[in-house]
Amino acid sequence: MDIKKVFVMGSGQMGAGIAQVSAQAGYDTYMCDISDEILEKAQAKMKKGLDKLVSKEKIDQARADEILSKLTPTTDLGKVSECDYFIEAVPEIEDLKLKIFKDADEAAPEHTILATNTSAIPISLIAGATNRPEKVIGTHFMNPVPIMKLVEIILAYQTNDETHKVTEELMIGFGKEIVTAQDFPGFITTRMILPFMNECMYLFYEGQGTKEDIDKSAKLAFNHPMGPFEWIDFVGIDTILNILKNLHESHGSDRYFPCPIMQQMVNAGHLGRKSGRGFYDYTK
């Protein structure tokens with residue numbers, strides 16, 4: 001299957017990153033979201049990141065311009081009718097994802113593969129919302145997408161071999177390393193990391209240690225590049241909360257029961273870096 005155009009639904013931290021690596025790999029790429037304002041912010045952030053690479057002489061200005069020229073922002077999901085591969089990267093809200101896949105399925109050509117970046121919602125459930133379940137697959141990118149090398153490919157019960165093969169080739173073309181996981185809530189990487197993050201929040205919530213000392217422990221004892229609270233703020237407290245809720249509902253295990261402080265912070269609008277405040281203050 002010859003992929004020429006890629007459609008990315010969502011221009012948040014994950015969606016914009018996926019759109020960037022697609023454009024870097026030479027694919028004409030649509031990046032879609034619900035408003036021009038959101039898309040403009042995503043483009044500005046992407047340009048700032050590329051400018052930083054230019055200033056560090058990692059790439060030259062011509063290469064940065066070439067990457068941006070491959071990217072087309074749009075608010076029209078119907079543009080998927082021009083594309084060969086669709087990647088959804090919207091918040092971890094099941095009803096929202098199912099609706100997007102139904103709409104994309106109706107608009108996309110028959111040959112188009114539909115992929116989801118979900119980190120916890122069953123791929124087989126999403127596939128069942130379409131009329132092409134054999135062409136639905138999971139592509140779970142790591143955050144931040146342009147830097148992290150791994151993509152977790154998740155096979156729905158319905159996914160056929162061709163969809164799997166084309167997806168492997170595309171992800172390798174994006175410059176990624178791949179692993180394949182079975183369609184069980186949380187897959188591999190999310191089930192590995194979420195209990196750790198949740199336990200760190202319980203340590204803080206119960207007064208066992210400060211967030212600074214817990215972050216320092218993770219970085220110096222386990223060689224993590226970021227502490228858990230820095231990481232949670234980077235990903236988004238609301239995102240981590242939604243994933244934990246999905247895992248807890250799916251597995252019924254207390255190890256996924258979200259630390260109560262997350263719901264309190266989401267209620268207060270403290271979502272992490274994107275809102276200016278999370279476990280740390282980013283307003284300064």
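Each reported figure results from applying straightforward, stated rules to the coordinates on display, with no laboratory input. Everything quoted here is computed from the prediction, not taken from an experiment. Cβ: placed from backbone, ideal geometry, glycine included. Neighbour counts: every protein chain shown.
What to note about this one:
- Contact annotation: residue pairs with Cβ atoms under 9 Å, 6 or more positions apart or on different chains, pairing a residue in segment 171-190 that is under 25 Å from Glu94 (Cβ atoms) with a partner that is among the basic types (Lys, Arg) and surrounded by 15 or more Cβ atoms within 10 Å (Cβ to Cβ), are Phe184/Arg191; Pro185/Arg191.
- Matching residues, segment 73-87, being over 30 Å from Ile240 (Cβ atoms) and surrounded by fewer than 17 Cβ atoms within 10 Å (Cβ to Cβ): Asp76, Gly78, Lys79, Ser81, Glu82
- Scanning segment 4-24 for residues that are over 23 Å from Lys97 (Cα atoms) and crowded, with 19+ Cβ neighbours inside 10 Å yields Ala23, Gln24.
- Every residue from segment 88-106 that is of a type in the set (Val, Ile, Thr) and crowded, with 21+ Cβ neighbours inside 10 Å: Val90, Ile100
- For segment 40-86, the candidate set comprises residues that are touching a Ser or Thr at 6+ places or on another chain (Cβ under 7 Å) and of a type in the set (D, E, K, R); within that set, the residue that is nearest to Glu169 (Cα to Cα) is Asp84.
- Taking the criterion of being under 13 Å from the mean Cα position of the chain (by Cα) and either among the charged types (D, E, K, R) or closer than 22 Å to Arg63 by Cα (or both), the residues of segment 1-12 that qualify are Val8, Ser11.
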